[in-house]
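Report on the following structure.
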Amino acid sequence: MLSKTMQAALNEQVKIEGQSSQVYLAMASWAEIQPGIDNITAFFYRHSDEEREHMLKIVHFINERGGFAAIPSFEKPQMTFPSIIHAFKSLLDHEIMVSESINKLVDIALAEKDYATHNFLQWYVAEQIEEEALARTINDKLELIGEDKSGLYLLDRDILNLVARNSNTMGPA
Ligand code: OFO
């Protein structure tokens with residue numbers, strides 16, 4: 001059974017994961033109307049779907065452990081970006097914020113001696129390592145590319161491979 005404190009903290013994370021899904025959905029929609037970045041667009045849509053799955057996993061976990069997952073409303077995300085570089089910088093900042101939030105949840109689980117939740121959260125800890133690493137790789141590449149359109153063309157061509165490689169080498173199944 002979840003303590004009230006643990007339940008409230010997990011519900012907060014439901015909101016953060018759902019908000020992440022909205023943030024990346026907004027990036028996807030913006031990217032979709034930019035010329036020539038179809039795979040980057042697909043990356044954002046896919047990332048948005050993954051965040052929704054992260055949210056649902058916590059919803060089910062709370063309910064299965066005798067709590068109640070309260071579905072929150074979400075804030076309006078940033079909808080346009082000055083450039084693709086800005087979008088990915090903002091994605092990295094967002095992931096760093098999410099990692100900090102997962103770390104706080106782990107602290108709470110330990111303080112509450114809630115080892116089941118602690119165990120559940122390990123998947124998120126690993127996932128955040130993976131996502132931050134990928135976001136950093138893409139940001140590094142964009143920095144090298146700068147204003148070079150052919151570089152952006154190549155990044156768009158390779159981004160889905162990059163994602164697959166990242167999850168094969170680092171991520172949880
Ligand atoms: Fe939910 O993994 Fe990113 O934020």
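The values are calculated or read from the model by the stated rules, or taken from the named source; none is laboratory data. Note that the structure is predicted; figures quoted are calculated from it, not measured. Counting neighbours? That spans all protein chains shown, and the Cβs are built from the backbone with ideal geometry, glycine included. Note: accessible area is taken over every heavy atom of the protein model, side chains too, but ligands, DNA and RNA are not part of it. Shrake-Rupley method; radii C 1.70, N 1.55, O 1.52, S 1.80 Å.
Near residue 13, once Lys and Arg are set to +1 and Asp and Glu to -1 for all other residues with Cβ below 11 Å from its Cβ, the sum equals +1. Over all other residues within a Cβ to Cβ distance under 13 Å of residue 3, the charged ones net out to +1, with Lys and Arg as +1 and Asp and Glu as -1.
Counting 0.36 nm for each residue step from residue 76 to residue 33 and taking away their Cα separation leaves a gain of 13.5 nm.
Just checking the listed ones, 89, 76, 141: in the Gaussian network model of the chain with Cα springs under 10 Å, the one fluctuating most is 76.
All alpha carbon pair distances within the chain were sorted into 5 Å bins beginning at 0; the resulting P(r) in whole percents reads 1, 8, 16, 21, 18, 13, 10, 6, 4, 2, 0. For the chain, the carbon plus sulfur part of the accessible surface works out to 56%, probe radius 1.4 Å. Remark: the chain carries a charge dipole of roughly 300 debye about the Cα centre, counting +1 on each Lys and Arg Cβ and -1 on each Asp and Glu Cβ.
Probing with 1.4 Å while keeping every protein chain in the model, the per residue accessible area of the chain equals 54 Å². Ordering 155, 3, 41 by Cα displacement along the dipole of the chain toward the positive end leaves 3 in first place; charges were set at the Cβ atoms of Lys, Arg (+1) and Asp, Glu (-1). In percent, rounded to a whole number, the relative contact order of segment 81-173 is 34, using alpha-carbon pairs under 8 Å and six or more apart.
Using the Cβ-Cβ distance between residue 167 and residue 147 with R0 set to 22 Å, the FRET efficiency works out to roughly 0.15. For segment 4-170, the relative contact order comes to 27 percent (Cα pairs under 8 Å, sequence separation of at least 6). When the surface is traced with a 1.4 Å probe over the full set of protein chains, residue 120 keeps roughly 40 Å² accessible. Computed per residue of the chain from DSSP H runs no shorter than four, each worth -39500 (n - 2.57), the mean residue ellipticity at 222 nm is -28000 deg cm²/dmol.
Length available on full extension from residue 112 to residue 83: 0.36 nm per residue minus the Cα-Cα distance, which gives 6.1 nm.
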